[in-house]
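Scroll down for the structure; my scribbles are underneath it.
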Amino acid sequence: MIGIIGAMQSETAALIAAMTDTTSETVSGVTYTKGILEGKEVVVATSGIGKVFAAVCAQTMILCYAPSLLINTGVAGTLTTALSVGDVAVASSLVQHDMDTSPLGDPVGLVSGINKIYFDADGRAVEAFCACVQAEGGKSVVGTVASGDQFIASPEKKKAIVERFCTVACEMEGAAIAHVAFINGTPFAVLRAISDSADGEARVDYPTFVKLAAARSVAVLRRYLREFA
Ligand code: ADE
């Protein structure tokens, strides 16, 4: 069983619509749809936006469905000139850019207790995602993806995240899902198509390109299920 989480319906509706043999249940307001997609057993949920919704969804999915791999799919803002709208960021690792206990002497981003800043994605899924992006005629970049409870839409914020964490894309859920997966010993991967530039243009880019980017992620993910899962 592969678990798939998207924050918004625009990121999951096409997956759920393509599934057969579906059953669903709702836990804490989130619907988990189990069924067959591209011949593989999957469970898909729309978590809601931000790290808390994402964490609740990931934990529930792990407890109720015990997925062998947890995939977070959707859209992201670019943090590198190597990724433009429609290209795909494949996370090698995830960081919570808004986690900050630095007044206590910790490095910014450190998750106290487990003493980690970066959460590593499943290496096999990373390679397979890149192959799938290429097969779909797209461009992928592998790198660290930053998550936080903020929509990044300024050059200053963008620069600060890149300089601190050396990241390629920003979004609002991936690192929360990675954190939950890590503490449960569940392999995870994050696949994000670029919807905007995460700078002053992002307010305009995002509504214009979010659908296109979400569709790109869906196409890559379906190919992954078909050819690699
Ligand atoms: N998801 C898509 N674009 C984003 C941005 N610029 N900041 C945070 N999350 C995003």
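What are the residues whose amide H is under 5 Å from the amide H of THR144, where those residues sit 5 or more places off or on another chain and H is modelled from the backbone?
Placed amide hydrogens put SER92, SER93, VAL168 under 5 Å from THR144.
So what's the net charge close to VAL133: Lys and Arg +1, Asp and Glu -1, counting the other residues with Cβ under 13 Å from its Cβ?
Taking every Cβ under 13 Å from that of VAL133, the sum is +1.
Where in the stretch 123-207 are there GluC sites (Glu not before Pro) that are in a DSSP coil and have at most 15 other Cβ atoms within 10 angstrom of their Cβ?
GLU136, GLU201
Answer rounded, prolate or oblate for the stretch 21-159, using the Cα gyration tensor with square roots of eigenvalues a ≥ b ≥ c: rounded when a/c is under 1.5, else prolate when a/b is larger than b/c, else oblate.
Note, shape of the stretch 21-159 comes out oblate.
When the helix-only estimate is applied to the chain (DSSP H runs of n ≥ 4, each -39,500 (n - 2.57), divided by the residue count), what is the mean residue ellipticity at 222 nm, nearest 500 deg cm²/dmol?
My calculation for the chain gives -12000 deg cm²/dmol from helical runs alone.
Just to check I understand the Karplus step: with θ = phi - 60° and J = 6.51 cos²θ - 1.76 cosθ + 1.60, what whole-Hz values come out for the stretch 3-12, glycine and proline as x?
For the stretch 3-12, the Karplus-derived couplings read x, 10, 10, x, 6, 10, 4, 4, 9, 10 Hz, x marking Gly and Pro.
Apply the Karplus curve 6.51 cos²θ - 1.76 cosθ + 1.60, θ = phi - 60°, to the phi angles in the stretch 34-50 and return the couplings in whole Hz, x for Gly and Pro.
Per residue, the Karplus-derived 3J(HN,Hα) values read 9, x, 10, 9, 6, x, 10, 7, 9, 10, 10, 9, 9, 6, x, 8, x Hz.
Pull out the extension gain between GLN134 and CYS64, defined as 0.36 nm times the separation in residues minus the alpha carbon to alpha carbon distance; nm, one decimal. Present the calculation step by step, with values, prior to reporting the outcome.
Values: separation 70, 0.36 × 70 = 25.20 nm, distance 3.38 nm.
Extra length from GLN134 to CYS64 when fully extended: 21.8 nm.
Shape call for the stretch 147-229 from the C-alpha gyration tensor, a ≥ b ≥ c root eigenvalues: rounded (a/c under 1.5), prolate (a/b greater than b/c) or oblate? Numbers along the way, then the final one.
On the way: a/c = 2.58, a/b = 1.26, b/c = 2.04.
Oblate is the answer for the stretch 147-229, as a/c is 1.5 or above yet b/c matches or exceeds a/b.
Hey, how many Å between the Cα centroid of the stretch 115-143 and the Cα centroid of the stretch 9-59?
Cα centroid of the stretch 115-143 versus Cα centroid of the stretch 9-59: 21 Å apart.
Contour minus end-to-end for SER154 and ASP106, with contour as 0.36 nm per residue of separation and end-to-end as the Cα-Cα distance?
The SER154-ASP106 span can extend by a further 14.7 nm.
How far apart, in nanometres, would the label points at ASP98 and GLU227 be if each is projected 7 angstrom from Cα along the Cα-to-Cβ direction?
Modelled inter-label distance: 3.6 nm.
For the pair THR20/GLU127, report the inter-label distance in nm, with labels modelled 7 Å from Cα in the Cβ direction.
Here the modelled spin labels are 3.1 nm apart.
Percent relative contact order of the stretch 2-227, based on C-alpha pairs within less than 8 angstrom and at least six residues apart?
On the way: 534 pairs, mean separation 63.3, N = 226.
28 percent.
According to a simple spin-label model (label point 7 Å from Cα along Cα-to-Cβ), what is the distance in nm between ASN115 and VAL52?
Here the answer is 3.0 nm between the modelled labels.
Per residue of the stretch 176-191, what does 6.51 cos²θ - 1.76 cosθ + 1.60 with θ = phi - 60° give for ³J(HN,Hα)? Whole Hz please, x for Gly and Pro, Karplus curve as stated.
Going residue by residue, I get 5, 5, 4, 4, 5, 4, 4, 6, 9, x, 9, x, 9, 8, 10, 10 Hz, with x marking Gly and Pro.
How far, in nm, would the chain grow between SER28 and ILE183 when pulled straight, counting 0.36 nm per residue and subtracting the alpha carbon separation?
Working it through step by step, the gained length comes to 53.7 nm.
To the nearest 10 square angstrom, what accessible area does VAL27 show with a 1.4 Å probe?
We get 40 Å² for VAL27.
Considering only the chain, what is the antiparallel percent among its DSSP beta bridges, to the nearest 5? Mind showing how you got there, number by number?
Values: 20 of 49 bridges.
The answer is about 40 percent antiparallel.
Using the crude model of +1 on Lys and Arg Cβ and -1 on Asp and Glu Cβ, and no other charge, please compute the dipole size for the stretch 2-227 relative to its Cα centre, in debye to 20.
Charge dipole, the stretch 2-227, about its Cα centre: 240 debye, nearest 20.
The values are calculated or read from the model by the stated rules, or taken from the named source; none is laboratory data. Bear in mind the structure is a predicted one, so any value in this text is a computation, not a measurement. Neighbour counts are summed over all protein chains in view; Cβ atoms, including those assigned to glycine, are modelled from backbone coordinates with ideal geometry. Keep in mind that these areas ignore ligands, DNA and RNA; they rest on the heavy atoms of the full protein, side chains included. Shrake-Rupley method; radii C 1.70, N 1.55, O 1.52, S 1.80 Å.
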